[in-house]
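Asks: The structure is given below, and queries will be raised subsequently.
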Amino acid sequence: MSRGDMAKPLLGHGSTEGDPGVTPASGRTIGVLGSGDFARSLAIRLVCSGFKVVVGSRNPKRKASLFPSAAEVTFQAEAVKKTDIIFVAVFREHYSTLCDLADVLAGKILVDVSNNTEINHHKESNAEYLASLFPACTVVKGFNVVSAWTLQSGARDGNKQVLICSNNQEAKRTVAEIAQVMGFTPVDMGCMSSACEIENIPLRLLPAWKIPIFLALGLFLCFFTYNLIRQVIHPFIREQKNKLYKIPIEVVNTTLPCVSYVMLSLVYLPGVLAACSQLYYGTKYRRFPDWLDQWLQHRKQIGLLSFFCAALHAVYSLCLPMRRSHRYLLIETAVKQAVEKKMNIWVEEEVWRMEIYISVGIIALGLLSLLAITSLPSIANSLNWREFSFIQSSLGFIALVVSTLHTLTYGWSRAFDENQYKFYLPPTYTLTLLVPCTVIIAKVVFSLPCIRHRLLRIRRGWEKGRYVKFVLPSATGEYSSGETSSNV
């Protein structure tokens, strides 16, 4: 969340039992205005949590069968009179239909659970608009980030956080108690001005994934075009051979490992750049550029996309022998060998190259799988910091080295074969080696004792050019103070 300092649990671990000034949340009567899917799910969850629920509807007789039998379904005016806490589960455009109840609603707590269809669709949030229509009421924004499915199935099967904001602290505390009894974790997002941000959260489509996805698509298009030129266009122009059949499987399969390999190196490249910045400026307190800061924050998503491309590459590779074109080529090769009477076609070097290439690739995919699994919150939460850092940092770097070996064994001596330079373009795998090899060399350099020690001191708070006071004895035996630079 962008408001990290404000996103804190609203309630502590203290119990309200035995406190005569606090009314237990469970057992009180809660009102729900509305009869849609969310209102029904909310009523079910409240009833299951031990609350008495009164549902206000414009057509109570027709809607009563949709709600649990323990909930009372009546007219809106009657429902409002029976409780002081009311969930407003109607759309923004229908708020005006409640204006006739303004007198009855005066002094009550209204919980706005609505969302918009577009981000920042209105100048003011729905909660602020509701508060302007009913100034005598206390409006609390909450439960809008929880889906109807989560309400029905319970907090264990969905997001447990309930974001709450209001200008009234007591009203927030009351709603937070209700959320806690329902099995959710209330999170205080501050005053009513935060309502717009809370309403935008459910409308964002994978906000942390946009940059990594565009990066992966960009790399895919670049490598796909490059491989298309080498594998399809070149033989068509130079040899008049139609190789278009290679596009769906072979060209894609050549592109996927390139994207995966480069994306994996991009996970560790920003750490190298950050270390270079700290060594250059001699401090860890200088802020990184915004682009580097954003890059560091998206490493998890970049790594998962790298694993996704690697997994697709493995599946595509397993499917290569299933192609009809591959069978035709095998038969054609066998016929040529029979005509030329070649009895022994075993090439020891090629056999060992493919054995090592496939074996190293399997190991690399296994390491990437381990990195992806430990990125899941449920797995990461079960690891302590040292375990998580070892897997994501040390094993991640090993995965990059193994992937480099996989790429080198694939290329073998092809980089020195002039026939591989089609249109004077080098083989694709040589281009993919640039960034990963840079990261590996930088990591090796940073592991040197002199550089590693300096970088460790900087990350522990040491700063270049910082002056520290010291005390020296004078010629008369008295002590005088002075200062020196800490990097001397």
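The values are calculated or read from the model by the stated rules, or taken from the named source; none is laboratory data. Bear in mind the structure is a predicted one, so any value in this text is a computation, not a measurement. Note: ideal-geometry Cβ built from the backbone for every residue, glycine included; neighbour counts use all protein chains shown. Side chains are part of the model used for accessible areas, which takes the heavy atoms of the whole protein and leaves out ligands, DNA and RNA. Shrake-Rupley method; radii C 1.70, N 1.55, O 1.52, S 1.80 Å.
Asks: Please give the solvent-accessible surface of residue 328 in Å², to the nearest 10, using a probe radius of 1.4 Å with every protein chain present.
Replies: It works out to around 140 Å².
Asks: Dipole of the stretch 29-203 (Lys/Arg Cβ +1, Asp/Glu Cβ -1, origin at the Cα centre): which of 91, 73, 144 lies farthest to the positive side?
Replies: It is 73, whose Cα lies furthest towards the positive end.
Asks: Here's a follow-up. With angles folded into 0 to 90 degrees, how steeply does helix 169-181 sit against the dominant principal axis of the chain? Use alpha carbons for both and round to 10.
Replies: The angle comes out at about 70 degrees.
Asks: Under the rule of -39500 (n - 2.57) per DSSP H run of 4 or more residues, summed and divided by the residues of the chain, what mean residue ellipticity at 222 nm is obtained, to the nearest 500 deg cm²/dmol? Walk me through the intermediate numbers first.
Replies: Values: 21 runs with 241 residues, N = 488.
Computed mean residue ellipticity for the chain: -15000 deg cm²/dmol.
Asks: Express the carbon and sulfur contribution to the solvent-accessible surface of the chain as a percent, rounded to the nearest whole number, probe 1.4 angstrom.
Replies: 60
Asks: Okay, moving on. Which residues' amide hydrogens lie under 5 Å from the amide hydrogen of residue 139, considering only partners 5 or more residues apart or on another chain, with H built in the peptide plane?
Replies: 110
Asks: Of all DSSP beta bridges in the chain, what percent run antiparallel (nearest 5)?
Replies: Here the antiparallel bridges make up roughly 30 percent for the chain.
Asks: OK, next. With both partners inside the stretch 29-203, how many of the DSSP beta bridges are antiparallel, as a percent to the nearest 5? Could the numbers behind the result be given before it?
Replies: Working: 1 of 25 bridges.
In the stretch 29-203, DSSP labels about 5 percent of beta bridges as antiparallel.
Asks: Ok, one more. For residue 388, what accessible area in Å² do you get when you roll a 1.4 Å probe over the heavy atoms of the protein chains, rounding to the nearest 10?
Replies: Accessible area, nearest 10 Å²: 60 Å².
Asks: Sticking with this structure for a sec: Could you order 245, 261 so the one with the most accessible surface comes first? Probe is 1.4 Å. Kindly include the intermediate steps, with their values, before the conclusion.
Replies: Working: 245 90, 261 15 Å².
These residues rank, largest area first, as 245, 261.
Asks: Please list 3J(HN,Hα) in residue order for the stretch 132-148, calculated via the Karplus relation 6.51 cos²θ - 1.76 cosθ + 1.60 where θ = phi - 60°; whole Hz, with x for glycine and proline.
Replies: For the stretch 132-148, the Karplus-derived couplings read 6, 6, 10, x, 7, 9, 9, 9, 10, 8, x, 6, 7, 8, 9, 7, 5 Hz, x marking Gly and Pro.
Asks: How large is ³J(HN,Hα) for each residue in the stretch 367-382, as worked out from phi by the Karplus curve 6.51 cos²θ - 1.76 cosθ + 1.60 (θ = phi - 60°), to whole Hz, x for Gly and Pro?
Replies: 5, 5, 5, 5, 5, 5, 5, 6, 7, 5, x, 5, 7, 4, 5, 8
Asks: So, one more: With a/c under 1.5 counting as rounded, go ahead and sort the stretch 243-388 into rounded, prolate or oblate using the C-alpha gyration tensor (a ≥ b ≥ c being the square roots of the eigenvalues; past the cut-off, prolate if a/b is larger than b/c, else oblate).
Replies: Details: a/c = 2.76, a/b = 2.57, b/c = 1.07.
Because a/c hits 1.5 or more and a/b exceeds b/c, the stretch 243-388 counts as prolate.
Asks: Find out how many positive minus negative residues lie around residue 83, taking Lys and Arg as positive, Asp and Glu as negative, among other residues whose Cβ is under 14 Å from that of residue 83.
Replies: Details: positive: 28, 52, 81, 82, 108; negative: 72, 78, 84.
Residues close to residue 83 contribute a combined charge of +2.
Asks: Once all Cα-Cα distances of the stretch 29-203 are split into 5 Å bins that start at 0, what whole-number percent is in each one?
Replies: 1, 9, 19, 23, 23, 16, 7, 1, 0
Asks: I've got another one for you. Too long at a 24 Å Cα-Cα cut-off: which of 443/464; 108/172; 246/300; 52/108; 82/141?
Replies: 246/300
Asks: So for 346, 295, 462, 352, what's the accessible-area order with a 1.4 Å probe, most first? Walk me through the numbers on the way to the answer.
Replies: Numbers: 346 165, 295 55, 462 25, 352 145 Å².
The ranking, largest first, comes out as 346, 352, 295, 462.
Asks: Sticking with this structure for a sec: What does the charge count around residue 130 come to, taking other residues whose C-beta lies under 11 Å from its C-beta (Lys +1, Arg +1, Asp -1, Glu -1)? Mind dumping the intermediate values first?
Replies: On the way: positive: 92, 141; negative: 112, 124, 128.
Local net charge: -1.
Asks: Between residue 122 and residue 204, what length comes free when the chain is fully extended (0.36 nm per residue of separation minus the Cα-Cα distance, one decimal in nm)? Spell out each step's value before the answer.
Replies: On the way: separation 82, 0.36 × 82 = 29.52 nm, distance 1.59 nm.
Extra length from residue 122 to residue 204 when fully extended: 27.9 nm.
Asks: Right, something else. Quick query: amide H of residue 57 versus all other amide H atoms, modeled in the peptide plane; which residues come in under 5 Å with a sequence gap of 5 or more or a different chain?
Replies: 74, 75, 76
Asks: Near residue 423, within a Cβ-to-Cβ distance under 10 Å, what is the net charge of the other residues, with Lys and Arg +1 and Asp and Glu -1? Kindly include the intermediate steps, with their values, before the conclusion.
Replies: Numbers: positive: 230, 238, 422; negative: none.
Charge balance in the 10 Å sphere: +3.
Asks: About the Cα centre of the chain, what is the dipole size in debye to 20, counting +1 per Lys and Arg Cβ and -1 per Asp and Glu Cβ, all else neutral?
Replies: Working: 51 positive and 36 negative charges, 194 e Å.
Here the chain has a charge dipole of around 940 debye.
Asks: What does the accessible area of residue 452 come to, in Å² to the nearest 10, when a probe of 1.4 Å is used?
Replies: Its heavy atoms expose roughly 140 Å² to the probe.
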